[in-house]
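Since the structure comes first, as structure tokens, the remarks are kept for the end.
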Amino acid sequence: MDIRSSFLNYFSKNRHQIYESMPLVPDDPSLLFTNAGMVQFKDVFTGKVPIPPNPKATSCQLCIRAGGKHNDLENVGYTSRHHTLFEMLGNFSFGDYFKEEAIFYAWEFVTKDLSFDKNRLYVTVHDSDDEAFELWKKHIPEDRIKKMGDKDNFWQMGESGACGPCSEIFVDQGENYFNSSEDYLGGDGDRFLEIWNLVFMQYERDISGKLIPLPKPSIDTGMGLERVVALKEGKRSNFDSSLFMPLIDGLSEIVKKEYIYSSGASFRVIADHIRSISFLLAQGVNFDKEGRGYVLRRILRRAIRHGYLLGRGEPFLHLLVDILASQMGSHYSYLEEKKEVIKDQIKLEEERFFSTISGGMEMFKKELEKSSNIFDGNIAFKLYDTYGFPLDLTEDMLKDRGISIDKESFNKAMSEQRNRSKSSWKGSGDSENSGDFSEILKRFGENVFVGYDTLEYSSNIVALMDEEFRLVNKIDANCSGYVFLDKTPFYAQSGGQCGDSGVLKVEGEIVAKVVDTKNYFNLNISEVRTNAELKEFKISSVVDRVRFEIEKHHSATHLLHSALRAILGDHVAQAGSLVQSNRLRFDFSHPQALSKKEIEEVECFVNSAIAKNIDAKIEEVSISKAKERGAMALFGEKYGDLVRVVEFDDLSIELCGGCHVRNSAHIGSFFITKESGVSAGVRRIEALCGQAAYGYAREYILKVKECEELVKNSDLVVGIERLKSEIKDLKSEINSLSSSSSVDIKSTNIAGVELFVDHVEAGDIKQIIDDLKNRHPKVAVMLFQKREEKILLAAGVKNCDIKAGAWVKEIAPILGGGGGGRDDFAQAGGKDPSRLEDAITEAKKYAKERLS
């Protein structure tokens, strides 16, 4: 039985509008992730936007609870019900039906469509909600309805705002397996399992705490798909259901170990985590050092650590993606479409962590031997800072042993590091949008953008707002505020394209400057700074002609996307973009840095398309027709039945609401200025075109001429080669002056092997190592040398039980770097010279352990 489809079809038949699952990253700065089905309707419930034409809605919403206030991460794998990613089935009423219909729908679906035994069903209601109690008595005997207090049966969005009692439906799983003291209705045991929560949003709580009845109460319900599937399949744990067992079975084959429930927490952690990892990556979240990307990294590293416990010492998570895509790709098609990219990104991140996990685990085990009840917080910080172990991962490793971390010393070390690096948590970076948007929508509806074909339009100012987005009758001269026009030529920031600027005129006189334009709840609103008093009247809206440069960069972005797919492969997918008047930035999925040749080919592809003088074909068609033509769409963008398609011959076709040139030749020239990495599996290209490209080329030519003068040769290459030869000769002279014989390095003799570990300020450390190897029959050397803000380390060994490559690989991460080499010689670079003493200590320790 496809419970997801059955649920949506049931409510569709009962005249509910089906909504697709909104992105896991919500357009809400107060939330880290979408964590409930009602999140996409939050603005309706709070009154920020008007109730939609159909006031009844239903959805199956992907949710994540793995960070912030809503964090189930540490429980996952150790309980039968907690998940980082889950699907929430829900039905909603916005001031339409209320308790009677909500209860009827829930009972009918549970007993008829899901065919649950009525005798196994129980219900709870709030102890003050006599209305719900009486309504439930129509469907279920009174002795199976229980009244409970605020803790269990009252819901509120915050300290103030919409709230109300709720009613929960429970399934009795029987006493055969559930007979603890907590296995009663309302207890913490699993015998009575809650499957559906019906929230009756009937009050507004003011700041004093007083409950004020709402004139149009609403309904918000949520039912966890994973629980229902497990119950329908007769499983006592969600992880034993068909949603998870294929992943667990696949993992069992990979690690070549049998899954046994009682000892299988690591299997369950991994099966859960690969779901959240894959969906976050598919929806454009990338591995990062902070924010949502850091949560994603924590989830992956926790999964890797549990794979390590199962004996897996190499990347394995990416091997589970195909199984997940076959399970969920039919409903979430983008998962199937992006699975190869997802696998690449996961594997790269796995390889990064596996390169340090063994050293971290060794340090953890050594400290564990010294710990009784408390684990040293400084060691926990070192595991975090040097080996990439998030704090909760270390806590998780200590959980089964009943040992806690000294948080005070950990936090002190973390604070000191933050002070050194001058970095701190930045949050989402977004601002909360509150104001009179709902009132504007009610009075005027959405305004119309007319700027595709004109940069000047005679508009009516229909609403003015102050800097707090509150409706006002006027904006005084020399003040800032916001303007809402009935028809506007100003493009609102969207799809990577920046918002338009310009001026507002009355009878030829500029009355206000438009500094930016953004979209607020589908309202195109321009920010203004006034020269004169601004009131609601007819004005001339004039877009800054810099728009032409924005259009060039936007069209170039489309051609760049096509170029990357043509040259690198169809796995390339857009992961973000920025389009401005003087530059463009394009993020895309690709597992490795582009070679110099590939960058040249991409640049040539775009310039060739520009030179072909291709007319842009821009039209509105149905979404189905656009997809049939192969138009590329972006995840998270909302498309209606009619979509705007931008096409440049057979080179590029995309769904896009942005502004574009009418012919590719208008773009001018195209130069790639930088290619870099954003995160594992995501690359970034920065480029220029139009006037910015001309300025770039002109500056480049001037620099070349200046260099020709400096090298005193009209052939720059010849001049540089001559300088290189001179530099080589000078270096040779310097090396002879900085002879290794003048460097005094003390050694320690261990079992007949001379051990040298030291910091040298000058000289060629490779030459010094070679000299020491020539002087001693048995020797192990590791030398460090600071180079401006970085540090160089090199190791050489001869006739002893140390391998230089392994030695360097162990020590380099301490300095924030990496490297390796042969068994007899290896070198690496580091970014953190402040850790030099730690590195020297660890290098000596490593060598002594192996030579003793």
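The values are calculated or read from the model by the stated rules, or taken from the named source; none is laboratory data. Because the structure is a prediction, the values reported are computed rather than measured. Ideal geometry is used to build each Cβ from the backbone, glycine not excepted, and the neighbour counts take in all protein chains shown. Remember, those area values only see protein heavy atoms, side chains included, never the ligands or the DNA or RNA. Shrake-Rupley method; radii C 1.70, N 1.55, O 1.52, S 1.80 Å.
List of remarks:
- Equivalent ellipsoid, region 551-632 (semi-axes from 5 times Cα gyration tensor eigenvalues, Å): 22, 17, 14
- Listed residue (Ala812, Asn197, Asn238) projecting farthest to the positive dipole end of the chain, Cβ model: Ala812
- Inter-probe distance in nm under a simple model that places probes 7 Å from Cα toward Cβ, at Ala593 and Lys617: 4.0 nm
- Label-point gap, in nm, between Ser852 and Lys627 - each point 7 angstrom along Cα→Cβ: 6.6 nm
- Mean Cβ neighbour count within 10 Å, used as a protection proxy, ranking 504-511, 557-564 highest first: 557-564, 504-511
- Per residue, in Å², the accessible surface of region 204-344 once ligands and nucleic acids are set aside, probe 1.4 Å: 39 Å²
- Under Karplus coefficients 6.51, -1.76 and 1.60, residue-wise ³J(HN,Hα) of region 759-774 in Hz, glycine/proline x: 9, 10, 8, 9, x, 8, 5, 5, 5, 4, 4, 4, 4, 5, 5, 6
- Probe 1.4 Å, protein heavy atoms only - accessible area per residue of region 548-626 in square angstrom: 42 Å²
- Rounded if a/c under 1.5, otherwise prolate or oblate - the chain, Cα gyration tensor axes: oblate
- Average accessible surface for region 695-735: 86 Å² per residue, computed with a 1.4 Å probe over protein heavy atoms with every protein chain in place.
- Given charges at beta-carbon only (K, R positive; D, E negative), |dipole| of region 170-299 in Debye: 500 debye
- What the pair-distance distribution of region 109-194 shows, using all Cα-Cα distances binned every 5 Å from zero, is 3, 14, 21, 21, 19, 13, 6, 2, 0 percent.
- Relative packing of 254-267, 96-109, which averages over residues the other C-beta atoms within 10 Å, highest first: 96-109, 254-267
- Overall, the accessible surface of the chain at a probe of 1.4 angstrom is composed of carbon and sulfur to the extent of 46 percent.
- Peptides 813-826, 481-494 ordered by average Cβ neighbours within 10 Å, highest first: 481-494, 813-826
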